[in-house]
Amino acid sequence: MRFGKNWKFKITPFRILLIIFVLIAAAAALYRFVYGLGAVTNLSDEWPWGLWIGFDLLCGIALAGGGFSTALIVHVLHKDKYLPIARAALLTSLIGYIIAMVSLFLDIGRWFNFWRPFFYWGYHSVLFEVFWCISLYTTVQVLEFGDIFFEKVKCAPLKKILGALMTPLLILGIVLPSLHQSSLGSLYIVAVDRLYPLWWSMLIPFFFVWSAFFLGPAMVTVEGTLAARAYKREPEMHIFESLTKVTLVMMIIYLIVKIVDLVYRGVFSMAFNGSFESNMFLIEMIVFVIVPIIMYSINSIRTKLWGVLTASILVVAGVIFNRMNVVFTGMADAMGGHYFPTIWEWLITIGMWSALVLLYCFVVENFPILPKEEKHTHGSGVAYGKGIHA
Amino acid sequence: MSKGVLVDITRCIACRSCMVSCKSWNDLPSNPSTFSNNWDSPGKIDSTNWTVVTNHIIEEGDQLKWRFVKRQCMHCLEPACESACFTHAFVKTKEGAVIYKPTEVDQDYCVGCRYCMIACPFGVPSFEWDKTFPFVQKCRFCYDRMKEEGMEPACVTSCPTQALKYGEREELLAEARARIDQNPSYVKHIYGEKEYGGTSWIYISDVPFDKLGFRTNVSEKSIPAYTWDVLKWTPLIFFGWGAILTAMRAYTKRRAEVHNEEDMYAPVDDE
Ligand code: SF4
Ligand code: SF4
Ligand code: SF4
């Protein structure tokens, strides 16, 4: 499909399916806005937060962590060999945040009041910090993206203004997500005595921001491979491989701090008490932290595409698993009752993630996001490192 | 001068007068009851039952004790619900009630995010799930009675056994201590004196509190104090981390080559 000379969007059967999911979700969302949360969700006084907050918001934001870790590596440390992935990471992150905002909007009961926290400051609330940082950061990302947008839609003066703003935007674009990735963890500090002690800790903000950060490279690897496959390009294997060094070191630190924290709080033995929580915790730590650490540190695995990819998928799944454990497993005992999302909650979630895929495809097909491929760049003399010639 | 209520569990007979008077004073709808094994249906607080009496059967040796506990918002001295609310919709009034901001203009602060429900350590705030634009509902300590007419809460008035006593929290604490000291059958603990920084409603009992569905051995530090321990670092991290990043960016930039990013990327051509 083409609209105008400059815009295109290819329609495939898979994309039609995704569009159908989005439409169903939109209808369900409309119904929810008119008839309230009780009508479409299984949420209850025991389980005030469910799939939309636990998965779409917490995981959506965590998965978007690729944006700020890549920004730090590329734009602050100027490791230029990673430039080819910078824009793709920014894009995924931006879409992830939009999903998070949409799910938050769906989830709040009095949605017409969503603007209140901008004017009425409950600054003693962690949620206040989360709300402000996420809103500001989404704005920052839109502006950063504007820089790319105006490469295509020519508008010199605007591009110039944005260009001048770029440095403060980039810095804000790292500081804000660092703050709220950690605050998403701090949200659960209030659950002292209720969140299972294997997860509750005063260090939970550190664990959240740290894991969001090391998740970044893994997410870039997974999504880079997916994009490469979808568009029949060469995966940027060199980049993936050297990114593992970042992930590896950070995960080892994560593991050590985790153990020290458990020992310090005297709950280390709880990990082995055989309860449901302890088993989930062990799975989280062994399958999703220790195994990827081992895979990343073995040369013959790390240098193969399947190896990096498997390890990275484990890391991504592991962070999701961790967030789910905090929101659901760790709270289940204290909250009582039970919760399983309704079909509508699932459909809306599926619709949102389908929208993410569609948006990603549309943007990379119309904007300069992915690096030019060798065969297209007829000696345009671009000066970036060897990394790209993968 | 902060008010409180002393609940003496040994005196409660589960007549549920408090539940009835709470409903009638606050115009709450009645709900059809269902059967529950220990006869305490509905058995938990919700948006139209701001107070409930729960029943507990306790075996002590060959003795069987049946105890009844009136539950409602504890009106914490440093309420977690207030600190968790990002629009500051809940406040602790100087009289001691924890309520939505009482003035007419300020009433509609709530966004319905339900973080207060996650934050409350007693599982009190309840949501009007079936409404399109739900509010969070809970016991208001009959703030309207307390404030305008100097009356005690509706539930306290209707209690026929004086299991509930309304007054200054300090005086009630002294009285609770006196009752515990005079009668050895009481457990030597006043629930709510220190729990989570203390609550306006306090309980004394002759069976251990953990057998009555109270969460015991909990933190004596208030939940807002925990959060503040973390939140207070925010400005420092914001400026400190920002400064470090700016410095690093400036430092590494000098060494980096300059790229023309426009030449580097291109839309995917998939046709
Ligand atoms: S018991 Fe819960 S709802 Fe009541 S004041 Fe304390 S934190 Fe708030
Ligand atoms: S649900 Fe309402 S009162 Fe509770 S924290 Fe959210 S905005 Fe505040
Ligand atoms: S103080 Fe008032 S609102 Fe609270 S339980 Fe008693 S009657 Fe109900």
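The values are calculated or read from the model by the stated rules, or taken from the named source; none is laboratory data. Note that this is a predicted model, so its numbers are computed, not measured. Every residue, glycine as well, gets a Cβ built from its backbone with ideal geometry; the counts of neighbours run over all protein chains shown.
If A:Lys154 satisfies every condition in (1) in a helix (DSSP H, G or I); (2) more than 9 Å from chain B (Cβ to nearest Cβ); (3) closer than 19 Å to B:Tyr265 by Cα; (4) not hydrophobic (A, V, I, L, M, F, W, C) but one, which is the exception?
(1)
Among the residues of region B:117-129, is any small (Gly, Ala, Ser), near ligand 1 (Cβ under 9 Å from one of its atoms), within 11 Å of another protein chain (Cβ to nearest Cβ) and surrounded by fewer than 22 Cβ atoms within 10 Å (Cβ to Cβ)?
Yes: region B:117-129 contains one or more residues that are small (Gly, Ala, Ser), near ligand 1 (Cβ under 9 Å from one of its atoms), within 11 Å of another protein chain (Cβ to nearest Cβ) and surrounded by fewer than 22 Cβ atoms within 10 Å (Cβ to Cβ).
Here is a list: A:Met101, A:Met166. Which entry is under 30 Å from A:Ala228 (Cα atoms) and within 12 Å of chain B (Cβ to nearest Cβ)?
Selected residue: A:Met166, the only one of A:Met101, A:Met166 that is under 30 Å from A:Ala228 (Cα atoms) and within 12 Å of chain B (Cβ to nearest Cβ).
For region A:110-120, which residues satisfy the criterion of being facing chain B (nearest Cβ under 7 Å) and not basic (Lys, Arg)? Break it down stepwise before answering.
Within region A:110-120, the subset facing chain B (nearest Cβ under 7 Å) is A:110, A:113-114, A:116-117, A:120.
Scanning region A:110-120 gives A:Asn113, A:Phe114, A:Pro117, A:Tyr120.
Which ones in region B:230-241 are within 7 Å of chain A (Cβ to nearest Cβ) and either out of contact with any Asp or Glu (no Cβ under 8 Å at 6 or more places or on another chain) or over 21 Å from B:Val91 (Cα atoms) (or both)? Lay out the reasoning, then the answer.
Here is the first cut: in region B:230-241, the ones within 7 Å of chain A (Cβ to nearest Cβ) are B:230-231, B:234, B:237-238, B:241.
Across region B:230-241, the qualifying residues are B:Val230, B:Thr234, B:Ile237, B:Phe238, B:Trp241.
Scan region B:68-91 and give yes if some residue there is of a type in the set (Ser, Thr, Tyr), more than 18 Å from B:Ala154 (Cβ to Cβ) and in contact with a Cys (Cβ under 8 Å, 6 or more places away or on another chain), otherwise no.
Yes, there is a match, as at least one residue in region B:68-91 is of a type in the set (Ser, Thr, Tyr), more than 18 Å from B:Ala154 (Cβ to Cβ) and in contact with a Cys (Cβ under 8 Å, 6 or more places away or on another chain).
Out of all the residues in region B:95-111, is one or more under 20 Å from B:Gly4 (Cβ atoms), at the interface with chain A (Cβ under 10 Å from one of its Cβ atoms) and either buried (at least 20 other Cβ atoms within 10 Å of the Cβ) or touching a Cys at 6+ places or on another chain (Cβ under 7 Å) (or both)?
no
Would you mind finding the one in B:Thr87, B:Thr93 that is of a type outside the set (Lys, Arg), more than 10 Å from ligand 1 (Cβ to nearest atom), over 13 Å from the mean Cα position of the chain (by Cα) and under 26 Å from B:Ser21 (Cβ atoms)?
On the way: B:Thr87 fails: under 26 Å from B:Ser21 (Cβ atoms).
Going through B:Thr87, B:Thr93 in turn, the sole match is B:Thr93.
Could you check A:Val192 against (1) touching a Pro at 6+ places or on another chain (Cβ under 9 Å); (2) without any contact (Cβ under 8 Å) to a residue 60 or more places away in the chain; (3) more than 13 Å from every other protein chain (Cβ to nearest Cβ) and say which number it fails?
Result: A:Val192 passes all but (3).
Every residue, every condition in (1) modelled with pLDDT under 90; (2) within 11 Å of chain B (Cβ to nearest Cβ); (3) within 18 Å of the chain's Cα centre (by Cα), yes or no:
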{"residue": "A:Asn6", "(1), (2), (3)": "yes, yes, no"}
{"residue": "A:Lys10", "(1), (2), (3)": "yes, yes, no"}
{"residue": "A:Ile16", "(1), (2), (3)": "no, no, no"}
{"residue": "A:Ile24", "(1), (2), (3)": "no, no, no"}
{"residue": "A:Ala28", "(1), (2), (3)": "no, no, no"}
{"residue": "A:Cys59", "(1), (2), (3)": "yes, no, yes"}
{"residue": "A:Ser69", "(1), (2), (3)": "yes, no, yes"}
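Can we say B:Pro160 is more than 10 Å from chain A (Cβ to nearest Cβ), in contact with a Ser or Thr (Cβ under 7 Å, 6 or more places away or on another chain) and in a loop (DSSP other than H, G, I, E, B)?
Values: more than 10 Å from chain A (Cβ to nearest Cβ): yes; in contact with a Ser or Thr (Cβ under 7 Å, 6 or more places away or on another chain): yes; in a loop (DSSP other than H, G, I, E, B): yes.
Yes: the conditions hold for B:Pro160.
Does at least one position in region B:133-149 carry a residue that is within 14 Å of chain A (Cβ to nearest Cβ) and more than 19 Å from B:Ala97 (Cα to Cα)?
yes
Condition first: surrounded by 18 or more Cβ atoms within 10 Å (Cβ to Cβ), hydroxyl-bearing (Ser, Thr, Tyr) and within 23 Å of the chain's Cα centre (by Cα). Can you find one or more residues in region A:184-198 that meet it?
yes
Would you mind telling me which numbered condition in (1) near ligand 1 (Cβ under 10 Å from one of its atoms); (2) within 9 Å of chain A (Cβ to nearest Cβ); (3) crowded, with 21+ Cβ neighbours inside 10 Å B:Arg114 fails?
Of the numbered conditions (1) near ligand 1 (Cβ under 10 Å from one of its atoms); (2) within 9 Å of chain A (Cβ to nearest Cβ); (3) crowded, with 21+ Cβ neighbours inside 10 Å, the odd one out for B:Arg114 is (1).
Does A:Ser135 satisfy being within 16 Å of ligand 2 (Cβ to nearest atom) and among the polar types (S, T, N, Q)? Lay out the reasoning, then the answer.
Values: within 16 Å of ligand 2 (Cβ to nearest atom): yes; among the polar types (S, T, N, Q): yes.
So A:Ser135 passes the test.
Go through A:Leu83, A:Leu94 for me and flag whichever is over 23 Å from B:Ala119 (Cα atoms), surrounded by fewer than 23 Cβ atoms within 10 Å (Cβ to Cβ) and among the hydrophobic types (A, V, I, L, M, F, W, C).
After ruling out the rest, the residue left standing is A:Leu94.
Quick one: B:Val91 ticks every box in (1) within 16 Å of ligand 2 (Cβ to nearest atom); (2) aliphatic (A, V, I, L, M); (3) in contact with an Asp or Glu (Cβ under 7 Å, 6 or more places away or on another chain); (4) away from every other protein chain (no Cβ under 14 Å) except a single one, so which number is it?
Unmet for B:Val91, out of (1) within 16 Å of ligand 2 (Cβ to nearest atom); (2) aliphatic (A, V, I, L, M); (3) in contact with an Asp or Glu (Cβ under 7 Å, 6 or more places away or on another chain); (4) away from every other protein chain (no Cβ under 14 Å): (4).
Got at least one residue in region B:145-157 being crowded, with 16+ Cβ neighbours inside 10 Å, in contact with a Phe, Trp or Tyr (Cβ under 7 Å, 6 or more places away or on another chain) and within 30 Å of A:Arg32 (Cβ to Cβ)?
No, that holds for no residue.
Tell me, yes or no, whether region A:302-319 has at least one residue that is of a type in the set (D, E, K, R), surrounded by fewer than 16 Cβ atoms within 10 Å (Cβ to Cβ) and either more than 28 Å from B:Pro121 (Cα to Cα) or in contact (Cβ under 8 Å) with a residue 40 or more places away in the chain (or both).
So in region A:302-319, the residues of a type in the set (D, E, K, R) come out as A:302, A:304.
Still in the list and also surrounded by fewer than 16 Cβ atoms within 10 Å (Cβ to Cβ): A:304.
From what is left, the residues that are either more than 28 Å from B:Pro121 (Cα to Cα) or in contact (Cβ under 8 Å) with a residue 40 or more places away in the chain (or both) are A:304.
Yes, because at least one residue in region A:302-319 is of a type in the set (D, E, K, R), surrounded by fewer than 16 Cβ atoms within 10 Å (Cβ to Cβ) and either more than 28 Å from B:Pro121 (Cα to Cα) or in contact (Cβ under 8 Å) with a residue 40 or more places away in the chain (or both).
Tell me which residues, restricted to region B:135-162, are in contact (Cβ under 8 Å) with a residue 40 or more places away in the chain, within 18 Å of B:Thr93 (Cα to Cα) and away from ligand 1 (no atom under 16 Å from the Cβ).
Passing the criteria: B:Arg145, B:Lys147.
Could you list, in sequence order, all residues of region A:320-352 that are farther than 26 Å from A:Ser278 by Cα, surrounded by fewer than 16 Cβ atoms within 10 Å (Cβ to Cβ) and not aliphatic (A, V, I, L, M)?
Once the filter is applied, which keeps residues that are farther than 26 Å from A:Ser278 by Cα, surrounded by fewer than 16 Cβ atoms within 10 Å (Cβ to Cβ) and not aliphatic (A, V, I, L, M), region A:320-352 yields only A:Trp346.
Quick check: is even one residue across region A:253-266 on the phi < 0 side of the Ramachandran plot, within 14 Å of chain B (Cβ to nearest Cβ) and not acidic (Asp, Glu)?
Yes, there is a match, as at least one residue in region A:253-266 is on the phi < 0 side of the Ramachandran plot, within 14 Å of chain B (Cβ to nearest Cβ) and not acidic (Asp, Glu).
Mind checking which residues of region B:41-75 are away from ligand 3 (no atom under 11 Å from the Cβ) and either of a type in the set (A, V, I, L, M) or within 14 Å of chain A (Cβ to nearest Cβ) (or both)?
Looking only at region B:41-75, we keep the residues that are away from ligand 3 (no atom under 11 Å from the Cβ), and these are B:41-44, B:46-48, B:54-69.
Correct list: B:Pro42, B:Gly43, B:Lys44, B:Asp46, B:Ser47, B:Thr48, B:Thr54, B:Ile57, B:Ile58, B:Leu64, B:Val69.
Looking at region B:200-229, which of its residues are in a helix (DSSP H, G or I) and facing chain A (nearest Cβ under 9 Å)?
B:Ile223, B:Pro224, B:Tyr226, B:Thr227, B:Trp228, B:Asp229 - these are the residues of region B:200-229 that are in a helix (DSSP H, G or I) and facing chain A (nearest Cβ under 9 Å).
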